[in-house]
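S.K.: Handing you a structure now.
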Amino acid sequence: MRAGGRWWAVALAVAVVAWAVAVPRLGLGQLALWEDVAIQVLFATSVNLLLGYANIPSFGQAAFYGAGAYTVALLAQSAWPPLAALAAAVAVAAALAFVTGLITSRVTGLAFSMVTLAIGQVLYTFVLQSNAAGGEGGISGVAPPARGLFDLTQPVHLWWFILLCVAVAMLALWWVVSSPFGRALTAIREDPKRAAFLGIAVRRYRVMAFTIAGGAAGLAGGLYAYSTTIVAPAVLNWTQSASPIMMALVGGMHTFLGPALGAVLITWLLYVLGQATRAYLLYVGVVLLAFVLLVPRGIVSIPDLLRRLAGGRRATGAAPEVTP
Amino acid sequence: MSLALRLEGVTKRYGAHVVLDDVTLDVEPGTLHAIIGPNGAGKSTLFGVVSGEHTVARGRVLLGGRDVTRVPAATRVGMGVARAFQVARVFPDLTVADNVLVAVLASHRLTQVFWRRRVPERTEREARRALERMQLTALADRPARSLSQGDRKRLEIGMALALDARLLLLDEPTAGMSPEETAATTRLIREVWRETGVTVLLTEHDMQVVFDLAQRLTVLHRGRVLCTDVPERVRERPDVAEVYLGVSAQHA
Amino acid sequence: MAGIDAILVPLLSGLSEGVVLFLVASGLTLVLGVMRIANFAHGGYFMLGAYFAYTLLRGQLVGVLPFVAAVLGAAALTGAAGYLSELLLFERFYRMPRMQMLLGTYALLLILEGIAQQAWGLFPITQPEPMGFIAGLTVGGTQVPYYEFFLILVGLVAVVGLEYLLRRTAFGRQVRAVAEDRLMGSLLGIDVGRVYALMLALGVALAGLGGALTAPTVGLIPDIAVQFVIQAFAVVIIGGFGSVTGSLVAALLVGVMTSFLVSFAPSVASFSLYLLMALVLLLRPQGIMGRPWEEEER
């Protein structure tokens, strides 16, 4: 982190906690919205580990998000305690990601995007007609068993539980990107051939990153199951893979917190639009297209962009990188 | 810390075109060995074969006596083969310091560590020393893409050395450099070689650099080895003058 | 003789479904092979084609000739929409890094679907099959709708037409030159921008044609844009990126396979397409007819 980075981190933490205290007073609707925001923050950040840090263009992360959601939904039926169910969700999603990563490690680039996309669809169509997973209707009434001091059937308790899980997972992801492994990933992103001739086994690192990101997506999916209490096949559909990518781009790839910012904005925007009309896709598309064309480095690059537009002195190079 | 290299009857083809034709070559451990030859002689391909980038149609590649013909590139790096490319390849968006650090981490097989944030102090120290040795400390916090071509080459050599190289492959280390940079780089290579005792195999167009540095020379012509000898004697050979020195007279 | 219809009926139905898949996938694979762009919006144009056909016929029950005219009109309109969006948007997409480019075409998909939501609403609407095609030919006791024969015929015409266009015309030669090497193409004096715009219009018109032909067989909702594009992508992967012949083989294979599975093993029918794709990826990553896909990583 740069100088002053620590103060920013403290200020951010204070703001998040203040907001977390305030939200339950705004009613159940707002609580559900902000739970979703927190979950999408984690999902988008996990996807950005692949896109921004490792340049692994996966278009199939919904598979792991959905796998996590279904794991929790199924285990909740046998009254598993939440932490155990979430751990299982992470394990299932990570294992699935590991296998997918191995299968797809022979292809790169655009082909990789298409292949991961299609593999996600295998799972989607499979679940769509699987009786065990509830078919088209999915599984409803997902709830943690009501017991213990920290009774998660209480909406406020669940809110804090979700926030805590997301915070821990975000710290873990920050840990990963700033670890030696994270540096190796960015090195591979910059020049895979050079990395290979430093003795870095590029394919293995890609599979590892894919597994970690898949596990984190699985956790996000598991939390989603508790938050909405219903898991339908739509969580596995490919548009669910596109959504965190959209958030990452809107917020700013190549930075750690950019995708989180994008997740907040997009989730909130979808909520507001959803309140106003059922035919909201047009507006989402226009916003996304505007970012793709005008602000491809995302919200985090806007200050820099404005400075450049103001025309004053020479712009300070690229968007601020939080690459550790 | 040095590694012997031996090529035995190595043949490499691209389609019908034979790039390396029955090349046999011995590089003694700890020597500074140069490969020269006109453009298209097969020098870069030879480097690719030694580093494991290219497979060969026939023949064997031996490192320190071990047959590595079918051993992948990453494993050869682990055996001490480090490579610098003709056009320097560094990680453009990482800082100079991080470029070197990644190399040091890779050499200690620490790049898989994702559960710990801190880089071990020993590794940090080693990276700082590598920066100092390459006189890059002043540039440590600059992104690598902002460096001049000469500084980039220096950085790349520094990264190669940070791998605990036992065989250093330098593909035209002074290409694209100013005369001052060339002189500095030549000095640097000689120093590094003296200090570490690494085996150095280099290709070079600049004959001044070659005769300044190399203990032994191999002349490659159309994929075949014309001769391998000490520089003085290579210089006197009429066939070499004909195929190579004649051609490059305009360069000198 | 009880066996013949058990084979023939699913075969014909599978072939006719394969034809629609082929139309959509061939447009996608052409654009992918020539412009190196994975166009998610392709599904949006498929959807537009279906709605255009519906609007041209005002959802009425009509005869065969008006229907064919409406289908062709819908394809032409879709192609025009594609040409326009090429000039406005795609031209910028080509130069973008991969993810940005994918999201650009995804944004366009959302916009097209959004437009359909505004124009035609969220609820299913139906376009009846043309009058002459409602009946069918009896094959060993089972009736095969004439519409299926019509689709197979359309497929034949499309294959021959594309083959002629790409192999025998000056435009086809230009397309192949540009696909091989963009720079070389422009050095040879080919107007690359024009070739790109026409290619996108052609590819998208094929999607529109597929959509228009699908209109009578499904309940039309904007969401078919999202559903169908992925099936088309799977066919493209199976056939090999950029290969029209590969798409043809893959589409017919998938159509027939799915059709038989619906009769004999319904539980695997709907995702057999993706299973086949996974199998192809494992055994032959470049697809049935594709060349190994070389791409400089960026």
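The values are calculated or read from the model by the stated rules, or taken from the named source; none is laboratory data. Treat the numbers as computed from the prediction; the structure is a model and nothing was measured. Positions of Cβ are backbone-derived with ideal geometry, glycine not excepted, and every protein chain shown enters the neighbour counts.
S.K.: Return a yes/no flag: does segment A:153-162 have any residue that is closer than 30 Å to residue B:164 by Cβ and in contact with a Pro (Cβ under 7 Å, 6 or more places away or on another chain).
M.R.: No: zero hits.
S.K.: Please go through segment A:207-236 and pick out each residue that is buried (at least 24 other Cβ atoms within 10 Å of the Cβ) and within 14 Å of chain C (Cβ to nearest Cβ).
M.R.: Selection gives A:236 alone.
S.K.: I'd like to know if segment A:130-151 contains one or more residues that are over 30 Å from residue A:203 (Cβ atoms), in a helix (DSSP H, G or I) and away from chain C (no Cβ under 14 Å).
M.R.: Looking for residues that are over 30 Å from residue A:203 (Cβ atoms), in a helix (DSSP H, G or I) and away from chain C (no Cβ under 14 Å), one finds at least one in segment A:130-151, hence yes.
S.K.: To continue, here is another question. Would you check if there is a residue in segment C:119-133 being more than 30 Å from residue A:55 (Cα to Cα), assigned to a helix (DSSP H, G or I) and modelled with pLDDT of 90 or more?
M.R.: So far as segment C:119-133 goes, yes, one or more of its residues are more than 30 Å from residue A:55 (Cα to Cα), assigned to a helix (DSSP H, G or I) and modelled with pLDDT of 90 or more.
S.K.: Something else about it: Residue A:186: part of a helix (DSSP H, G or I), facing another protein chain (nearest Cβ under 7 Å), under 30 Å from residue B:153 (Cβ atoms) and of a type in the set (S, T, N, Q), yes or no?
M.R.: yes
S.K.: Let me ask another. Counting only residues that are of a type in the set (Ser, Thr, Tyr) and either within 9 Å of chain A (Cβ to nearest Cβ) or surrounded by 20 or more Cβ atoms within 10 Å (Cβ to Cβ) (or both), which one in segment C:236-271 is nearest to the chain's Cα centre (by Cα)?
M.R.: C:247
S.K.: Condition test on residue B:16, is it more than 14 Å from chain A (Cβ to nearest Cβ), closer than 17 Å to residue B:222 by Cα and in contact (Cβ under 8 Å) with a residue 60 or more places away in the chain?
M.R.: No, not satisfied.
S.K.: Output the number of the condition that residue A:66 fails; it satisfies all remaining conditions of (1) assigned to a helix (DSSP H, G or I); (2) at pLDDT below 95; (3) within 15 Å of the chain's Cα centre (by Cα).
M.R.: Residue A:66 satisfies every listed condition except (2).
S.K.: Mind checking whether some residue in segment B:135-148 is within 7 Å of chain A (Cβ to nearest Cβ), at pLDDT 90 or above and not in a loop (DSSP other than H, G, I, E, B)?
M.R.: No: zero hits.
S.K.: For segment C:84-107, which residues satisfy the criterion of being within 7 Å of chain A (Cβ to nearest Cβ) and closer than 20 Å to residue C:230 by Cα?
M.R.: C:98, C:99, C:100, C:102, C:103, C:104, C:106, C:107
S.K.: Restrict the check to segment C:153-173 and report whether at least one residue is farther than 30 Å from residue C:36 by Cβ, at pLDDT 90 or above and surrounded by fewer than 18 Cβ atoms within 10 Å (Cβ to Cβ).
M.R.: Of the residues in segment C:153-173, the ones farther than 30 Å from residue C:36 by Cβ are C:153.
Checking the rest, the ones that are also at pLDDT 90 or above come to C:153.
Next cut, surrounded by fewer than 18 Cβ atoms within 10 Å (Cβ to Cβ) only: C:153.
Yes, some residue in segment C:153-173 is farther than 30 Å from residue C:36 by Cβ, at pLDDT 90 or above and surrounded by fewer than 18 Cβ atoms within 10 Å (Cβ to Cβ).
S.K.: A further question on this structure: Could you tell me how many of the residues in segment A:253-312 are among the aromatic types (Phe, Trp, Tyr), part of a helix (DSSP H, G or I) and facing chain C (nearest Cβ under 10 Å)?
M.R.: 2
S.K.: Report every pair of residues separated by at least 6 positions or lying on different chains whose Cβ atoms are under 7 Å apart, first residue within segment C:137-162 and free of Cβ contacts under 8 Å to residues at least 12 places away in the same chain, second part of a strand (DSSP E or B).
M.R.: Filtered contacts from segment C:137-162: C:143/C:136.
S.K.: Further, regarding this structure: Pairs under 7 Å by beta carbon, first residue at negative phi in segment C:179-200, partner among the basic types (Lys, Arg) and surrounded by 13 or more Cβ atoms within 10 Å (Cβ to Cβ), six or more apart or different chains?
M.R.: Pairs found: C:192/C:182.
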